[in-house]
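To keep things clear, I will list the structure first and then write my remarks on it.
The values are calculated or read from the model by the stated rules, or taken from the named source; none is laboratory data. Being a predicted model, the structure only gives us computed values, none of them experimental. As a convention, Cβ positions derive from the backbone with ideal geometry for all residues, glycine included, and neighbour counts pool all protein chains shown. Only protein heavy atoms, including side chains, enter the accessible area calculation; ligands, DNA and RNA are left aside. Shrake-Rupley method; radii C 1.70, N 1.55, O 1.52, S 1.80 Å.
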Amino acid sequence: TVEVPVTGIQVDVLENETITLYPNQTKTIKANVIPANANIQTITWTIKNNAIAEINNGVITAKAPGETTLEGVAGSIKVTRKIKVLQNIESYNINIPNATLNANDQESIDLKVTFNPVNTDESQTVTWTINNSNVASIDASGHVIAKSPGTAVVTGTFGNNKTVTSNITVIAPIKEIT
């Protein structure tokens with residue numbers, strides 16, 4: 001038999017690209033041995049730091065924030081790619097989940113979201129919306145102002161499609177005449 005050596009490994013992730021994932025996300029690496037008729041057709045994949053990511057049958061699973069290197073070997077040819085696992089928002093809370101406001105006084109509150117950990121790769125910019133703008137208004141900073149009696153739900157969206165809500169009830173008590 002004629003020995004046909006491996007001359008290269010073609011990978012769907014370019015050399016200058018970094019494989020970027022959040023914990024628990026996966027990515028399948030697609031790769032081919034060059035030439036197609038080489039005696040060795042198997043690529044053996046390893047990851048330098050298995051605490052950050054693991055690989056099994058060509059599927060990378062991100063585990064914890066950090067950077068590591070993916071290595072593929074076929075014959076005497078070796079390829080490497082960078083892997084970066086980003087820090088996601090692990091937990092979050094809204095400061096006022098339920099509020100009752102007085103429409104007569106145009107009472108207001110300021111909604112805020114706290115994030116854990118404080119520094120994340122996921123966006124912590126909150127986009128606020130309200131489902132009933134007749135009852136109350138909200139601005140980009142989370143400032144809610146009562147308008148007229150009723151109920152409304154304010155939703156804050158951030159990160160990778162994470163949300164918080166605040167249930168707003170607006171009342172208009174009858175003022176006593178003295």
* To do: Read through the list (1) farther than 30 Å from Ile29 by Cα; (2) open to solvent by less than 60 Å² (accessible area, probe 1.4 Å), then give the number of the only condition that Lys162 fails.
  => (1)
* Asked: Pick from region 126-176 the residues that are at pLDDT 95 or above, among the charged types (D, E, K, R) and outside any strand (DSSP E or B): which of them is nearest to Asp105 (Cα to Cα)?
  -> Lys147
* Residues of region 154-178 being within 24 Å of the chain's Cα centre (by Cα) and in contact (Cβ under 8 Å) with a residue 12 or more places away in the chain, which ones? -> Val154, Thr155, Gly156, Thr157, Phe158, Gly159, Asn160, Lys162, Val164, Thr165, Ser166
* Structure fact -> Checked pairs for region 64-82, first in contact (Cβ under 8 Å) with a residue 12 or more places away in the chain and within 21 Å of Ile52 (Cα to Cα), second open to solvent by less than 50 Å² (accessible area, probe 1.4 Å) and basic (Lys, Arg), C-beta under 9 Å and 6 or more apart or across chains, list as Thr69/Arg81; Leu70/Arg81; Glu71/Arg81; Gly72/Arg81
* **Every residue from region 165-178 that is within 20 Å of Tyr92 (Cα to Cα) and either surrounded by 20 or more Cβ atoms within 10 Å (Cβ to Cβ) or in contact with a His (Cβ under 6 Å, 6 or more places away or on another chain) (or both)** => Ser166, Ile168
* Asked: Given the structure, is Glu90 of a type in the set (Asp, Glu), under 25 Å from the mean Cα position of the chain (by Cα), under 30 Å from Ile19 (Cβ atoms) and at pLDDT 95 or above?
  -> no
